[in-house]
Amino acid sequence: MNFVERVGDGHIRVRTFERGVEDETLACGTGATASALATALLSGSPVRRYRVDVEGGTLFVAFESAGGSSFSHVVLTGPAKKVFEGEIDLKI
């Protein structure tokens with residue numbers, strides 16, 4: 001579930017609560033992308049590159065309009081950091 005705040009034209013802030021994690025997460029690429037596209041669609045803004053601030057940093061979503069409520073050439077960019085490492089020993 002994403003909570004979106006429109007900061008300005010082409011700029012949103014997103015906080016994500018993920019099922020399975022059952023908590024707020026630092027970032028969700030799918031959620032950030034969907035939030036940018038939904039904001040563009042609902043606001044009618046001609047902007048095609050959104051800055052998306054998430055708890056873990058800043059992401060950018062660029063896209064082209066494919067007419068109506070469709071989009072194409074959707075690209076998500078931003079930093080990636082390893083935040084967890086683990087091992088599991090499965091005895092099968």
**Message:** Can you pull out every residue in segment 14-51 that is more than 15 Å from Leu76 (Cα to Cα), surrounded by fewer than 20 Cβ atoms within 10 Å (Cβ to Cβ) and in contact with a strand residue (DSSP E or B) (Cβ under 6 Å, 6 or more places away or on another chain)?
**Reply:** Arg15, Phe17, Glu18, Glu24, Thr25
**Item:** Flag for Phe84 being part of a strand (DSSP E or B) and open to solvent by 100 Å² or more (accessible area, probe 1.4 Å)
**Value:** no
**Fill in**
Selection from segment 34-84 of residues charged (D, E, K, R), under 20 Å from Asn2 (Cβ atoms) and touching a Lys or Arg at 6+ places or on another chain (Cβ under 9 Å) yields Asp53, Glu55
**Complete:** Of those in segment 1-13 that are within 15 Å of Val47 (Cβ to Cβ) and of a type in the set (D, E, K, R), the residue most open to solvent (accessible area, probe 1.4 Å) is Arg6
**Item:** Positions within segment 52-64 being of a type in the set (D, E, K, R) and surrounded by 14 or more Cβ atoms within 10 Å (Cβ to Cβ), in sequence order
**Value:** Asp53
**Asked** Looking at segment 65-79, which of its residues are modelled with pLDDT under 95 and open to solvent by 70 Å² or more (accessible area, probe 1.4 Å)?
**Response** Gly68, Ser69, Pro79
**Message:** Filter segment 61-77 down to the residues that are in a strand (DSSP E or B) and either free of Cβ contacts under 8 Å to residues at least 40 places away in the same chain or within 16 Å of Ile12 (Cα to Cα) (or both) and list them by number.
**Reply:** Val61, Ala62, Phe63, Glu64, Ser65, Phe71, Ser72, His73, Val75, Leu76, Thr77
**Message:** Go through (1) in a loop (DSSP other than H, G, I, E, B); (2) among the polar types (S, T, N, Q); (3) within 15 Å of His11 (Cα to Cα) for Thr58 and report which single condition fails.
**Reply:** (1)
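The values are calculated or read from the model by the stated rules, or taken from the named source; none is laboratory data. This one's a predicted model, so the numbers in the text were calculated from it and none came from an experiment. Every residue, glycine as well, gets a Cβ built from its backbone with ideal geometry; the counts of neighbours run over all protein chains shown. Each accessible area value is taken on the protein alone, full model and side chains, heavy atoms only, with ligands, DNA and RNA left out. Shrake-Rupley method; radii C 1.70, N 1.55, O 1.52, S 1.80 Å.
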